[in-house]
Amino acid sequence: MDREPAEVATRAGAGLQHDSAAKHVSGAAVYIDDMPELPGLLHMALGLSAHAHAKIVSLDLKKVHAAPGVVAVFTARDIPGRNDVGPVIHDDPIFADGLVQYAGQSLFAVAAQTVELARAAARLAVIVYEDLPAALTIEQARALGLELEKPQRMSRGDSAAALKSAKHRLHGRLEIGGQDHFYLEGQVAMALPQEDRDVQIFSSTQHPSELQHLVADMLGVPSNAVTVEVRRMGGAFGGKETQAALPATVTALAASKLRRPVKFCMDRDDDMLLTGKRHDFVIDYDCGFDDDGRIEGVEFVLASRCGYSTDLSLAINDRAMFHSDNCYFLPHVSIVSHRYRTNTQSNTAFRGFGGPQGMMGVERVIDAIALKLGKDALAVRKVNLYGPAPRNITPYHQAVEDNIAPDIIAALEAKADYAGRRAAIAAFNAANAVLKRGLALTPVKFGISFTTTHLNQAGALVHVYADGSVHLNHGGTEMGQGLFTKVAQMVAEEFQIEMAAVKITATTTAKVPNTSATAASAGSDLNGMAALAAARTIKERLIALAAKRFSCTPENIVFRDGRVHGGTASLSFGELARAAHLARISLSSTGFYKTPKIHYSRAEHRGRPFYYYAYGAAVSEVAIDTLTGENRVLRVDLIHDVGRSINPALDLGQIEGGFVQGMGWLTSEELWFDASGKLRTHAPSTYKIPAASDRPPVFNMELWKGENREETVHRSKAVGEPPLMLAISVFSALTDAVASVADHKIMPHLDAPATPERILLAVEKLRPVL
Ligand code: MTE
Ligand code: MOS
């Protein structure tokens, strides 16, 4: 009698385009700098420190004040409340006060009639510095013992004994460079003064609630006096999790003091000089293994450059430790992590949040074992994978219960013809003296949840209007990843209405309070569930009403394709909404979600920090020119696990973008500081991000078919960060290509990023004396 529930092509599980796709490409999507400017709006610029570590003997701003168009100049002394934007530890001044701690640090702000006048004026300060010794690099900070906190140690078993008794042993060091976020939309905020000295801030931030709290503390007002709103970001990648705070606080300060609207849109060079980046790491390893390459014991010492303040460095370095195993069972393991304080930008969240750096260590170990034993690296990877108990316990004592890495690897190996191409590449390399090819398959296992347990919560607010149209709001932010589309799909699915009936709205602290950053890839897991909870509350009320109307039991009410059925009767969703309104039933609800099952003791580095893991694997084939170091990624095949996809089109977009961003990190993106600590690569002219033409010419992506065994939204898995780490296959393949120069007998000395220069140097070191 009833039709089978139609497969709804427009809701959960459908490959819908991003809700703003057309607006993104046509330019109609409104970013903060596109918003209409109110009369009297002022523009800001910052004065930056020219020295890495120095006392400010004098800061003479007379010429800045006198410059054309300047309305006001602000320094630390003008801040009524707290001069700080530190997210966890309060060691991050908005304006340096007497002491500068990195070249590029903000000293003062100018508010002027135009952007150009503000920027010109900011350069006119006369500053006298008295230099202090600066620690710029990890090694300099190590020598001075400058650590943000005591070294952290995670361990299981007896690694020292295992190293001693192992048949084979090797040790080495890998250096891994940092990465600038290079979001297309730079850091930006606009602040509007409101009644009662309240402030409204539009910010390009992943974390509106944190900005609300920081601005309130800076102004010395309660949180309810500050509202932060963000409709979308033009990319963030972790760079706007904490570091959107500088433009937000300085514009709020100026707006509050001057009672005028104020906008601050960072110049790209200033943005790169001011803001923190991905942490660079030095990883030392010592590993014992058997004839098959099976790891018996391993010790990692991780060292990272955190910059001058704490920011999120503690959690980021923790995540590096959590991912030092990647997909491999390490029977006896010790991971020690040093978080070095340096006189450089305060390094921050960046897609993967330390995980990529941690994984690089163990993947390097596997490559080194393979070369030492004369084995194919994939064979060594396979014997080390997590397996059934007892080979399923991580270094932090969480059991890996959902391990699908072996299955993904097997499927990919066959699909990408790993063995056949390995043989073809060997033949190519034997026949070619100058060009050499390399191949590598590397897997990914990425832990999903914030490792700070309390952050794993989210809220949403859903209204159904009396015409049946829906207003959707939640604490997550949209940075291009498609979160808003996915959450709207879940709500449309729950109500069984068209996507077009669900209005996606800007994130604001006024609608959903006390939110976590949209980060850790957990946006859809958390906000999707919170929005569903809100929708379900409303739906329950509608079901009760419909059951009464249709004289049937609530169990017999079915929402399907825009209608609500009960027995033979039905109403459209809109008709039922109107009936609910007339019956004085609330059509609005909040929703809340917290991730179950997780717990963690940071003191012991033990527990279940992750609800589940997301997996994937990639095979990359590369070519290098041994005379120039020039290199290309020729082909990539990958399979990635997103559980049961809410939106395969968006998921593939995340996978492709993440992979290419990871590739940039490991190949062409190089941050270069001069001896005085000034970052010299602060624009695209000197800092090379991948271009569209760098996309591998053959790029085969596939979603793994399977659902999350945990009860996540739609049984999906987080996708934002994990695919970035699939690009480690590119670095391994480049290592393989370099190693071919010495017949795969010696481990090349290749650090990341594998720029042409580094590849050439590594080749030169290996070349047999001709
Ligand atoms: N995708 C786009 N297009 N732009 C971004 O800024 N940020 C990444 C990832 N994908 C980012 C992105 C990072 S660092 C994270 S943590 C996640 O998206 C955050 O969003 P999610 O939790 O909704 O996946
Ligand atoms: Mo993503 S680095 O967690 O913002």
Report yes if Glu656 is over 26 Å from Ala433 (Cα atoms) and assigned to a loop (DSSP other than H, G, I, E, B), otherwise no. no
Examine region 477-493 for a residue that is outside any loop (DSSP other than H, G, I, E, B) and either surrounded by fewer than 17 Cβ atoms within 10 Å (Cβ to Cβ) or away from ligand 1 (no atom under 16 Å from the Cβ) (or both), and state whether such a residue exists. yes
Residue within region 36-59 that is modelled with pLDDT of 95 or more and in a helix (DSSP H, G or I) present: no
Count - residues of region 669-716 that are part of a loop (DSSP other than H, G, I, E, B) and not charged (D, E, K, R): 21
Pairs, first without any contact (Cβ under 8 Å) to a residue 24 or more places away in the chain in region 98-119, second not in a loop (DSSP other than H, G, I, E, B), C-beta under 9 Å, six or more apart: Glu116/His43
Assess whether Glu241 counts as being among the acidic types (Asp, Glu), crowded, with 24+ Cβ neighbours inside 10 Å and either closer than 30 Å to Tyr328 by Cβ or within 16 Å of ligand 1 (Cβ to nearest atom) (or both). yes
Please go through region 25-38 and pick out each residue that is touching a residue at least 60 places away in the same chain (Cβ under 8 Å) and not aromatic (Phe, Trp, Tyr). Ala29, Val30, Ile32, Asp33, Met35, Glu37, Leu38
Residue within region 188-205 that is of a type in the set (Gly, Ala, Ser) and open to solvent by 10 Å² or more (accessible area, probe 1.4 Å) present: no
Is region 322-331 home to any residue that is within 30 Å of Leu132 (Cβ to Cβ) and touching a residue at least 12 places away in the same chain (Cβ under 8 Å)? no
Open to solvent by 30 Å² or more (accessible area, probe 1.4 Å), touching a Gly at 6+ places or on another chain (Cβ under 8 Å) and modelled with pLDDT of 95 or more: is that true of Leu302 in this structure? no
For region 79-92, indicate whether the set of residues that are loosely packed, with under 12 Cβ neighbours inside 10 Å, of a type in the set (A, V, I, L, M, F, W, C), modelled with pLDDT of 95 or more and in a loop (DSSP other than H, G, I, E, B) is non-empty. no
Within region 206-223, which residues are part of a loop (DSSP other than H, G, I, E, B) and either buried (at least 22 other Cβ atoms within 10 Å of the Cβ) or polar (S, T, N, Q) (or both)? Gln206, His207
Being within 16 Å of ligand 1 (Cβ to nearest atom) and modelled with pLDDT of 95 or more is the requirement here; does Thr515 meet it? yes
Collect the residues in region 148-188 that are among the hydrophobic types (A, V, I, L, M, F, W, C) and closer than 27 Å to Leu314 by Cα, keeping them in residue-number order. Leu148, Met154, Ala160, Leu174, Ile176, Phe182, Val188
Give the residues of region 401-418 that are part of a helix (DSSP H, G or I) and open to solvent by 70 Å² or more (accessible area, probe 1.4 Å), sorted by residue number. Asp407, Ala414, Lys415
Test: Ala506 is under 24 Å from His181 (Cβ atoms), open to solvent by 10 Å² or more (accessible area, probe 1.4 Å) and either in contact with a helix residue (DSSP H, G or I) (Cβ under 7 Å, 6 or more places away or on another chain) or within 16 Å of ligand 2 (Cβ to nearest atom) (or both): no
Within region 340-368, how many residues turn out to be in a strand (DSSP E or B) and either small (Gly, Ala, Ser) or within 15 Å of Lys277 (Cβ to Cβ) (or both)? 1
Scan region 235-245 and tell me whether some residue there is among the hydrophobic types (A, V, I, L, M, F, W, C) and under 27 Å from Glu175 (Cα atoms). yes
So Gln496 clears everything in (1) within 16 Å of ligand 1 (Cβ to nearest atom); (2) under 18 Å from Asn647 (Cβ atoms); (3) in contact with a strand residue (DSSP E or B) (Cβ under 6 Å, 6 or more places away or on another chain); (4) open to solvent by 10 Å² or more (accessible area, probe 1.4 Å) except one condition, right? Which one? (1)
Looking only at residues that are buried (at least 24 other Cβ atoms within 10 Å of the Cβ) and either without any contact (Cβ under 8 Å) to a residue 12 or more places away in the chain or over 19 Å from the mean Cα position of the chain (by Cα) (or both) in region 444-469, which one is farthest from ligand 2 (Cβ to nearest atom)? Val464
What about Ala349, is it within 16 Å of ligand 2 (Cβ to nearest atom) and open to solvent by 10 Å² or more (accessible area, probe 1.4 Å)? no
Looking only at region 369-392, filter to residues that are open to solvent by 10 Å² or more (accessible area, probe 1.4 Å) and in a helix (DSSP H, G or I); which one of those is nearest to Met663 (Cα to Cα)? Ala377
Which fully enclosed strands (runs of 3 or more DSSP E) of region 579-653 have 1 or more residues being under 22 Å from Asp318 (Cβ atoms) and hydrophobic (A, V, I, L, M, F, W, C)? 612-625
Matching residues, region 227-242, being within 11 Å of ligand 2 (Cβ to nearest atom) and either closer than 13 Å to Thr515 by Cα or among the aromatic types (Phe, Trp, Tyr) (or both): Phe237, Glu241
Restricting attention to region 631-658, which residues are more than 16 Å from ligand 2 (Cβ to nearest atom), of a type outside the set (Asp, Glu), open to solvent by less than 50 Å² (accessible area, probe 1.4 Å) and under 17 Å from Pro443 (Cα atoms)? Val636, Leu638, Ile639, His640, Val642, Gly643
Single residue of region 717-770 satisfying the filter (of a type in the set (Val, Ile, Thr) and part of a loop (DSSP other than H, G, I, E, B)) that is surrounded by the most Cβ atoms within 10 Å (Cβ to Cβ): Val719
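The values are calculated or read from the model by the stated rules, or taken from the named source; none is laboratory data. As the structure is a computational prediction, the values presented were derived from the model and not from experiment. Please note: Cβ atoms are built from the backbone with ideal geometry, for glycine as well, and neighbour counts cover all protein chains shown. These accessible areas exclude ligands, DNA and RNA; they are computed on the full protein's heavy atoms, side chains included. Shrake-Rupley method; radii C 1.70, N 1.55, O 1.52, S 1.80 Å.
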